Amino acid sequence: MSRNRGILVVEDEPAISDLIAFHLKEEKWEPVVVEEGKRALELLEKTLPAAVVLDLMLPDIDGIEVLRRIRENPHTKFLPVLILTARGEETDRIRGLEVGADDYLTKPFSPRELMLRLANLVKGRGAEAKPPVVSFGLLEVDEGRFRVTVDGEPVEISATEMRLLTELLQHRGKVLSRKQLLQKAWGFMPNVTERTIDTHVKRLRRKLGPAASYIETVRGVGYRMVEEPPLVKPSQREKTKKCEPKATDQKTSKRKTPRAT
Ligand code: CA
């Protein structure tokens, strides 16, 4: 099986995209550079790179909008995306993380750092050594297939969230400090702040719905996965399905059947 070495670079400033492409090639990646968001989305319809480097200031569609569309599309929603933001644009960065960016760098950035972060992001998807599927209460985490389900329903999750989740699961019952989580889930990232961890955990919890309470906040320290999943009350299950559009009757009836585990 040949590994995907493609990296889509969405950046309209040639000086920057040339620099990124140069370093990517040095690291044996295969960069594809596009200058417009629309073009990026068109390409992603046809082929999937290992990751996307996305500038937020694009001439046509706003980078945030591009990211939103990437996350909305079932075909691309798990794709690792690193956003590039302008210095001082903290709002953009937070918005990007909220919409589903796995990571960010602020311009001007060190190409070396970008390479490390990209490698880190892609590593999260590496399926060479398949880790076991972990079942924990309503949660089922298949890291190898990059799949998380809550009560049988698939949850869309980013590479960073997956690493956060698996890290917490591996140490269930133990408190992990923000610093530990940073090292484990992000690797070498001196610029990631505690607020970033909190943003990711917040988003992860939101996605986990009825399993959100499995991740506990330990005030002033960090986060902990509960040692044992709590017993599930039927009312709790109903609550999470509330925001979903009711698809079919079949689906509704399926929901009422509790899983025998
Ligand atoms: Ca730009």
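What follows is calculated from the coordinates using simple rules that are stated; it is not laboratory data. Treat the numbers as computed from the prediction; the structure is a model and nothing was measured. Note that each Cβ is placed from the backbone with ideal geometry, even for glycine, and that neighbours are counted across all protein chains shown.
For Val32, the residues whose amide H sits under 5 Å from its own are Ile7, Leu8, Val9, ignoring neighbours fewer than 5 places away on the same chain, with H placed 1.01 Å from N. Residues in region 168-179 carry Karplus couplings, in order, of 5, 5, 5, 10, 4, x, 10, 7, 10, 6, 4, 5 Hz; the curve used is 6.51 cos²θ - 1.76 cosθ + 1.60 with θ = phi - 60°, and Gly or Pro positions show x. When only alpha carbons of region 134-225 are considered, Rg and Dmax amount to 12.3, 37 Å. Placing a label point 7 Å from the Cα of Glu13 along the Cα-to-Cβ direction, the residues of region 87-111 whose backbone N falls under 12 Å of that point are 87-88, 106-110.
Extension gain Arg5-Arg195, at 0.36 nm per residue separation less the Cα-Cα distance, in nm?
Length gained, Arg5 through Arg195: 65.3 nm.
Under a 5 Å amide H cut-off, with hydrogens placed 1.01 Å from N, Leu139 pairs with Asp151 among residues at least 5 apart or on other chains.
Applying 1/(1 + (r/R0)^6) with r as the Cβ-Cβ distance of Arg87 and Ser135 and R0 = 41 angstrom yields a FRET efficiency of 0.40.
How much length would be gained if the chain were fully extended between Arg172 and Ser110, taking 0.36 nm per residue of separation minus their Cα-Cα distance, in nm to one decimal?
Between Arg172 and Ser110, full extension yields 18.7 nm more.
Close amide H pairs (under 5 Å, H built 1.01 Å from N) link Glu216 with Arg224, Met225, Val226, residues at least 5 positions away or on another chain. Against the empirical 2.2 N^0.38 Å (N residues), region 6-125 has a Cα radius of gyration ratio of 0.93.
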